[in-house]
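Working notes, structure below.
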Amino acid sequence: MATGIIADTTSALQIHVPLISLRNSYRAVDATTGSIILESGVMLPRLSSLCRIAVVASGRKLTEEDVNGLINYSRQCSELDLFRCSCPKNLPVSLLQDPLISGKLKVLWYPGGSKRQRYTLDPASGRWVE
């Protein structure tokens, strides 16, 4: 499968991947493999050299499981951006306190898609703050 080859190649050659943008193509995160499942059914394995991921989920209501899965997928990244979707008001702080995530990963939510309305996930409280 091509995505597996891309993941293996970027990791083996330490190719820097600055951004992956998923525009209305995110379906879920596979809890077993940690891979993102796209609407097409294609699985996007975790890329060790990925810096930032942006998920545009127009009008979709992301569940706690969705957001937790995306945070886990993004643990090596510096930023996870969620656009044009609704998110749970609070998330369990147990996941956010993970030393691999807290302090390193910045999770930003843009409910309307505009950078003017932006919330940051506070890892200490599990709440979105302006």
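The values are calculated or read from the model by the stated rules, or taken from the named source; none is laboratory data. Predicted model only: the values in this text are computed from it and were never measured. Here Cβ is always computed from backbone atoms with ideal geometry, including for glycine, and neighbour counts include all displayed protein chains. Just the protein is used for accessible areas: all its heavy atoms, side chains included, with ligands, DNA and RNA removed. Shrake-Rupley method; radii C 1.70, N 1.55, O 1.52, S 1.80 Å.
Sparse packing (at most 13 other Cβ atoms within 10 Å of the Cβ) combined with a DSSP loop state is found for the following trypsin sites (Lys or Arg not before Pro) in region 22-130: LYS89, LYS115, ARG116. For region 30-130, with all protein chains in place and a probe radius of 1.4 Å, 52% of the accessible heavy-atom surface sits on carbon or sulfur. Normalised per residue, the accessible area of region 29-130 is 50 Å², obtained with a 1.4 Å probe and no contribution from ligands, DNA or RNA.
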